[in-house]
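**Student:** Sharing a structure here in structure tokens format.
We did not get these values from a lab; they are worked out from the coordinates using the rules stated. The shown structure was predicted, so the numbers you read here are calculated from the model rather than taken from an experiment. Glycine gets a Cβ as well: all are built from the backbone with ideal geometry, and neighbour counts include every protein chain shown.
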Amino acid sequence: MKLNDLSSYWMPFTVNRQFKAAPRMIVGAQGMYFQTDDGREILDGTAGLWCSNAGHGQPRIVEAIQQQAAKLDYAPPFQMGSPAQFELANRLVDLAPEGFGQVFYCNSGSEAVETALKTALAWQRARGEGTRTRLVGRERGYHGINFGGISVGGIVGNRAMFGALLAGVDHLRHTHDPQRNLFTQGVPEHGADLADDLERLVQLHGAQTIAACIVEPIACSTGVLVPPRGYLERLRSICDRHGILLIFDEVITGFGRLGTPFAAQRFGVTPDIITMAKGLTNGTVPMGGILVREGIYETICAAAAEGAVELPHGYTYSGHPLACAAALASLDVYREEGLFERAAGLEPLWQEAVHSLRGLAPIVDIRNLGLIAGIELEAGPNGPGTRAFEIYRRCWEEGVLIRVTGDIIALSPPLIIEEGQVAHIVDTLRRIIAQVD
Ligand code: PMP
């Protein structure tokens, strides 16, 4: 076996053959920077994969994980508890909008979505509405990669080769309106009425068949689609009118990305279930979870027979001690360093910086909210995605990590980013976009 043989590892969501011909290797990370195997520093414009909100190698989080590993490395999650699980749940309920009651743990965003969908179905059944089995997602939604998530998700490429998937799923139209909302700074004006797609599904199938509607408050993975003003409110009121649970998938938007603990607070719209992961542990130890509104847990518990498990669901690593320790330390850091407020404070500068790229020839739209931005390019002469990928590659060579999805560049730096680093990311992009044709 050769040490530099890359053939055995099958990398996720990567063009393996292309990567292995010209690998990019990260061997360390500190603060705003990754270190590469050839000794270069890469400025992290994406918080890893939308997760390292407090930056990398955060000493308090590192220490908490180390101490926890030495003290209690693992505890079986069924029929027994460990104190940090309960403390973390209390802290998360405090962080959530008014009216949330419980937390259920899992290990990733994808698992959080499955947990949310199953909880919604269990709640409907527990309250005597067992005919409600249909689920509604949205085009261009990303809800992870398990079967439920790709079914309600709206990315055809992620499900095309995997068969029939979940039955009884419909999709709302996505919220990007390139006719009316181009180059919007912050929340776009037009398109709240797109939420009425849910009303039409109610008319088509009957409210008594629909259990839940799941959306990302901002669809991030498919290119930063900020919902139009009033859209989420409208979705909320349609759900209320028809007894449909509203799930916000906050795997990216949670933990300060929009300057508030959750997007629910930023938009002033309260869902019934919130999914979370990523920033929950600052990306350090895999962890996901759902927050449920008061009443959901109580209803499901009340419907269970005496002595029966209320929700037949859970994972070997639910509430893992290392994950709980990492999450508690992350919440401490977020609070004590005021990182959510910091993100809110940086937003005007961020917005101005990313919109200063307007006018560069291949850019057809720029979108932003919180410390997120999407920069959409015209497809290059070599086909969809190729120009954006070339920009990604050159940015890496020049020491800046961006993310590309199709022809869209997505930015989401750690919330500790300094003003000069914002300028550096944007200036690097300006230079490279101008060079690439
Ligand atoms: N939901 C959303 C909104 C996401 O952005 C992601 C990941 N980017 C997921 C779910 C899946 O999370 P994971 O990759 O941790 O399974």
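**Student:** Suppose we look only past 25 Å in the calculated P(r) of the stretch 303-437. What percent of the Cα-Cα pairs does that tail hold?
**Tutor:** Working: 4045 of 9045 pairs.
That tail contains 45 percent of the Cα-Cα pairs.
**Student:** Within the stretch 117-191, list the trypsin sites (Lys or Arg not before Pro) lying in a DSSP loop whose Cβ has at most 16 other Cβ atoms in a 10 Å radius.
**Tutor:** Here the trypsin sites (Lys or Arg not before Pro) that fit, given the DSSP loop and packing criteria, are Arg127, Arg173, Arg180.
**Student:** Moving on to the next point. Please check: in the Gaussian network model of the chain (C-alpha springs, under 10 Å), which one of Thr14, Thr209, Thr133 has the largest mean-square fluctuation.
**Tutor:** Thr14
**Student:** To continue, here is another question. What relative contact order, as a whole-number percentage, does the chain give when Cα pairs under 8 Å and 6 or more residues apart are counted?
**Tutor:** On the way: 867 pairs, mean separation 95.4, N = 437.
Once divided by the residue count of the chain, the mean separation gives 22 percent.
**Student:** In deg cm²/dmol and to the nearest 500, what is the mean residue ellipticity at 222 nm of the chain if only DSSP H runs of at least 4 residues count, each as -39500 (n - 2.57), divided by the residue total? All intermediate terms of the calculation are to be shown ahead of the outcome.
**Tutor:** Values: 15 runs with 161 residues, N = 437.
That comes out to -11000 deg cm²/dmol.
**Student:** Where the centre of each part is set by its Cα atoms, how far does the stretch 121-175 sit from the stretch 369-428, in angstrom?
**Tutor:** Distance between centres, Cα-based: 30 Å.
**Student:** Same structure again: Using a simple charge model, +1 on the beta-carbon of Lys and Arg, -1 on the beta-carbon of Asp and Glu, nothing else, what dipole does the stretch 63-336 show about its Cα centre, in debye to the nearest 20?
**Tutor:** Working: 22 positive and 28 negative charges, 104 e Å.
With Lys and Arg at +1 and Asp and Glu at -1, about 500 debye.
**Student:** Under the Karplus relation 6.51 cos²θ - 1.76 cosθ + 1.60, θ = phi - 60°, what is the ordered set of whole-Hz ³J(HN,Hα) values for the stretch 248-260, x standing for Gly and Pro?
**Tutor:** 9, 8, 9, 4, 9, 7, x, 6, x, 4, 9, x, 10
**Student:** Can you find, among Gly259, Ile366, Ala70, the residue sitting farthest towards the positive end of the charge dipole of the chain, where Lys and Arg contribute +1 and Asp and Glu -1 at Cβ?
**Tutor:** Ile366
**Student:** From the phi angles alone, apply the Karplus equation (6.51, -1.76, 1.60; θ = phi - 60°) to the stretch 283-288 and give each ³J(HN,Hα) in whole Hz, x where the residue is Gly or Pro.
**Tutor:** x, 7, 10, x, 7, x
**Student:** Name the residue from Ala303, Ala327, Ser7 whose Cα lies farthest towards the positive end of the charge dipole of the chain, charges +1 on Cβ of Lys and Arg and -1 on Cβ of Asp and Glu.
**Tutor:** Ser7
**Student:** Continuing with this model, one more query. Given the chain, what percent of its DSSP beta bridges are antiparallel, to the nearest 5?
**Tutor:** Values: 33 of 49 bridges.
Percentage antiparallel, nearest 5: 65.
**Student:** What residues from the stretch 83-111 fall in the zone where the backbone N is under 20 Å from a label point 7 Å along the Cα-to-C-beta line of Ala75?
**Tutor:** Those under the cut-off are 83-94, 102-108.
**Student:** Still on this model: When the Cα atoms of the chain are enclosed in a convex hull and the volume is divided per residue, what value in Å³ results? Don't skip to the end; give the middle numbers.
**Tutor:** Working: hull volume 68.2 nm³, N = 437.
Cα convex hull per residue, to the nearest whole number: 156 Å³.
**Student:** I've got another one for you. If the reach is capped at under 14 angstrom between alpha carbons, list the aspartates and glutamates near Lys71, excluding any in the same chain fewer than eight residues apart.
**Tutor:** Lys71 reaches Glu63.
**Student:** Could you list the residues of the stretch 211-252 with an amide nitrogen less than 14 Å from a label point located 7 Å from the Cα of Ala302 in the Cα-to-C-beta direction?
**Tutor:** In the stretch 211-252, the label zone of Ala302 (backbone N under 14 Å from the point 7 Å along Cα→Cβ) covers no residue.
**Student:** Quick one: dipole size for the stretch 169-324, taken about the Cα centre, charges +1 on Lys/Arg Cβ and -1 on Asp/Glu Cβ, in debye to the nearest 20. Intermediate results must be reported in sequence, preceding the final value.
**Tutor:** Details: 11 positive and 17 negative charges, 94 e Å.
For the stretch 169-324, the charge dipole is close to 460 debye.
**Student:** For the stretch 241-329, give the magnitude of the charge dipole about the Cα centre (Cβ charges: +1 Lys/Arg, -1 Asp/Glu; no others), in debye to the nearest 20.
**Tutor:** On the way: 5 positive and 7 negative charges, 88 e Å.
Dipole of the stretch 241-329, to the nearest 20 debye: 420 debye.
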